[in-house]
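What follows is a short report on a single structure.
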Amino acid sequence: MGLFIRRFGGVSSVGFLSYVGEYASYIVVLAFISDKLTINFGLGDFGYLLIGTLSSAYLVGSGLIAVPIGHLSDKFGRRWFAVGGCALGVVGLVSLIFANGVTNLTEFAVGMSVSLCALGIGHGTYTASTLAYTGDIAGKYEAMGKSYGLIEGAEFAGYAFGPALGTTVAFLSGRVTVFEVSASMLLVAAAIAFVSMPEIRSAAEIRSPHAHEHEGVEHDAIESVVDAAGGEEGDPHVHGASWGDYVAAFKVPIISVALLTTFVGSIGFSGFFYYVPLYANSLKGFVPAFGLLYGYFASIMALTAVILMVPIGHIEDAGKRRMPYLAAGLVLGALSLSFVFITASVPSFVIASLAFGFSIAIVRVSQLVILAERSNPSNRAAIMGTNHAVEHAGYGVATLAVGALIAFLGFVGAFRGLSLILLLAGLGFLLYAIKMKVK
């Protein structure tokens, strides 16, 4: 275990610090925007539609940038994109300090959009590069499950500690202090990326021993990408696959299905992570404890996922089963979300957060392991970048759609609809796995 941590400690630290810094501020920003639009600007529940629009711009921008960044990272290396993404995140956080003081509705909306888009682009950049770097050094150790369990655990630790840290600091010292603390964390993450993520220049060093064990279409698709990248002895960063080359890998049915599950799972995660805290914040007049704890429910959900991701990775490495776990995770997410709208209390929100965190751990690790096992060093960042784009497309769709549902149906109606979507999707993917005998 000590050697494993030494290999992955640096990149995991980058993931942890960048996510803590980002989400400490983001949850605070959403609550701030919520209060400004629904109360100060007098928009009522329709303010949540604008909140969804602003959040969608942030999330979609992050997802879209991940595709070209993943491709460029395949060609030119991982480290500098990790450093640059963290630096751009600092710019977005510092700009939030100035946007925080705007009082005009139009200027407020524009300022927040620009700040969040800058933060989102930075997020997409450092996420694609760190996930690809993890796959590079994990392939030769036949430990994809444990490796991605660790990096996803580190990033979800950011989700876990970020909202609680942000809401606590905001409660004690104000929003501006939160943005300053977050920017400092991303600066440290940039420094760690520069020092601890040396480029790996030999494809032979990082090539997965199972890269050519797949048959049929999957074998041919992966072979074509490897050949285009210069074969086993080529440099994956200098001779990276072209757009057409790595798109060929998506002819593999399991990759296409995994990307679809990424989209659905992201809708569920986004609906819970962003809107359950806002729902709790809106109820603080009836449940006073929610005034301080609204960000903690997102943290409890993410912390539960963090604790379970590495053990789940071990289980998947041992059993070699992915899709059944993934489908079960979606069904569990649907059931756990129902606790939020059955009754509004601190215990019910805690139970929902714990159960949803368990479901997210299962879904996220399974998705990444499937994609990592079906990719090669020459196209891994491109595939991970595209997965990140699909993930953030789901986030963007969810924030916009759930915001609209809240505007017309209220929080309870919106959560009921989201729960039904996750339940039907989970059952559908489970039937697919059984019919196609997908592991």
Item to check | Options G385, G333; residue that is at pLDDT below 85 and farther than 23 Å from T167 by Cβ | outcome: G385
Checklist entry - Which residue out of A191, A203, A183 is of a type outside the set (D, E, K, R), closer than 23 Å to G9 by Cα, at pLDDT 90 or above and buried (at least 18 other Cβ atoms within 10 Å of the Cβ)? => result A183
Item to check | Any pair with Cβ under 9 angstrom, 6 or more apart, that starts in segment 1-22 at a residue that is farther than 11 Å from A193 by Cβ and surrounded by 19 or more Cβ atoms within 10 Å (Cβ to Cβ) and ends at one that is of a type in the set (S, T, Y) and modelled with pLDDT of 90 or more | outcome: V20/S182; G21/S182; G21/S184; E22/S182
Checklist entry - Among the residues of segment 405-421, is there at least one that is touching a Ser or Thr at 6+ places or on another chain (Cβ under 8 Å), among the polar types (S, T, N, Q) and under 26 Å from I255 (Cβ atoms)? => result no
Checklist entry - How many residues are buried (at least 21 other Cβ atoms within 10 Å of the Cβ) and either in contact (Cβ under 8 Å) with a residue 60 or more places away in the chain or assigned to a loop (DSSP other than H, G, I, E, B) (or both) when one looks only at segment 340-358? => result 5
Next on the checklist: Suppose we filter G47, G92, G120, G124 for residues that are buried (at least 21 other Cβ atoms within 10 Å of the Cβ) and farther than 23 Å from A189 by Cα; which single one remains?
Outcome noted: G47
Checklist entry - Quick one: which of G162, G153, G135, G145 is modelled with pLDDT of 80 or more and under 25 Å from V390 (Cβ atoms)? => result G162
Item to check | Pick from segment 59-86, criterion of a type in the set (A, V, I, L, M, F, W, C) and over 19 Å from the mean Cα position of the chain (by Cα), ranking: surrounded by the fewest Cβ atoms within 10 Å (Cβ to Cβ) | outcome: F76
Item to check | In segment 262-313, the residues that are among the polar types (S, T, N, Q) and either surrounded by fewer than 24 Cβ atoms within 10 Å (Cβ to Cβ) or not in a helix (DSSP H, G or I) (or both) | outcome: N281, S282, T304
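Table: residues versus (1) at pLDDT 80 or above; (2) of a type in the set (K, R).
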| position | (1), (2) |
| --- | --- |
| R6 | no, yes |
| S13 | yes, no |
| L30 | yes, no |
| G42 | no, no |
| R78 | yes, yes |
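The values are calculated or read from the model by the stated rules, or taken from the named source; none is laboratory data. Remember, it's a predicted structure, so these values are computed and weren't measured experimentally. Methodologically, a virtual Cβ is constructed for each residue, glycine included, from the backbone with ideal geometry; neighbour enumeration extends over all protein chains shown.
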